[in-house]
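Working notes for the structure below.
The values are calculated or read from the model by the stated rules, or taken from the named source; none is laboratory data. All figures in this text were calculated on a predicted structure; none of them were measured in a lab. With ideal geometry, Cβ positions are generated from the backbone for all residues, glycine too; neighbour counts draw on all protein chains shown.
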Amino acid sequence: MTTPLVKLRGVSKSFLSPGGGTPVLEGVDFQIESGQKVSLIGPSGSGKSTLLSLIAGLLPPDTGDIEFDGVPLSNLDDDGRAALRSREIGIALQSENLIPFLTVRENVELALDYGGRRSGRAGARELLDRMGVSHRASHLPRQVSGGESQRVALAVAMANHPRLLLADEMVTQLDGLTAGEVVSDIFRTDMAILFVTHDTTLADQADVRLCLRNGQVVTR
């Protein structure tokens, strides 16, 4: 029997609020197979971004288990989870993805170096070419558009050739044609992908479509 790349069992998460604990996720169970493309939809504030952060090991669950390739994240300390992200998991969030004082190329080069892939400028150029933003290589993040920034963030996320890409609204600021090209390129890779979107047409392109509502994840 093949081990799922990601497996969640009974995962719950709450956050403190003036009135006490506010539950966000309650008893979440699902898994992602190697290479599988999975979309996640749900109302704003339903906990989609929190779920990505839990899978990435950036937040601990209150209860339940999260495994990556059969290894519980709870068995890893902070350094172990950081090493896992550098080797195996790419993360593209909606904002604050890029280091503001580094150029676009330097942001990608840093990700390549941190992931142990010392291909320097050539590797960065290849990734930026794939995302259609190599002409912005020498610009700072504040000098590129929102859509270009999203594509650079995806290049950074894919720099370590991750087995899993976690993306939060990865093409919201792109026009329809460019968004389609970016998504098609990413879907052709052998990465597993879990991506948050409000675009039901995009969500339907995934192998599996999940919906998060009232703290629960269900297959749609």
- Message: Of the residues 124, 92, only one is surrounded by 19 or more Cβ atoms within 10 Å (Cβ to Cβ), modelled with pLDDT under 90, farther than 26 Å from residue 29 by Cβ and of a type in the set (Gly, Ala, Ser); which?
- Response: 124
- Evaluate region 57-71: report whether one residue or more is more than 17 Å from residue 194 (Cα to Cα), modelled with pLDDT under 95 and part of a strand (DSSP E or B). no
- Query: Can you name the residue in region 1-55 that is at pLDDT below 90 and not in a loop (DSSP other than H, G, I, E, B) and, of all such residues, is nearest to residue 211 (Cα to Cα)?
  - Reply: 23
- Considering residues that are in contact (Cβ under 8 Å) with a residue 12 or more places away in the chain and more than 14 Å from residue 169 (Cα to Cα), the number found within region 21-45 is 15
- Note on the structure: Note: among 156, 208, 196, 183, just one is under 19 Å from residue 52 (Cα atoms), without any contact (Cβ under 8 Å) to a residue 24 or more places away in the chain, within 18 Å of the chain's Cα centre (by Cα) and surrounded by 15 or more Cβ atoms within 10 Å (Cβ to Cβ), namely 183
- Determine, yes or no, whether residue 60 is over 22 Å from residue 169 (Cβ atoms) and free of Cβ contacts under 8 Å to residues at least 60 places away in the same chain. yes
- Is there a residue being under 16 Å from residue 93 (Cα atoms) and in a helix (DSSP H, G or I) anywhere in region 193-216? no
- Message: Looking at residue 76 and the list (1) farther than 20 Å from residue 157 by Cα; (2) surrounded by fewer than 14 Cβ atoms within 10 Å (Cβ to Cβ), which single condition is not satisfied?
- Response: (2)
- Message: Can you report the number of residues in region 162-178 which are surrounded by fewer than 20 Cβ atoms within 10 Å (Cβ to Cβ) and either modelled with pLDDT of 90 or more or basic (Lys, Arg) (or both)?
- Response: 1
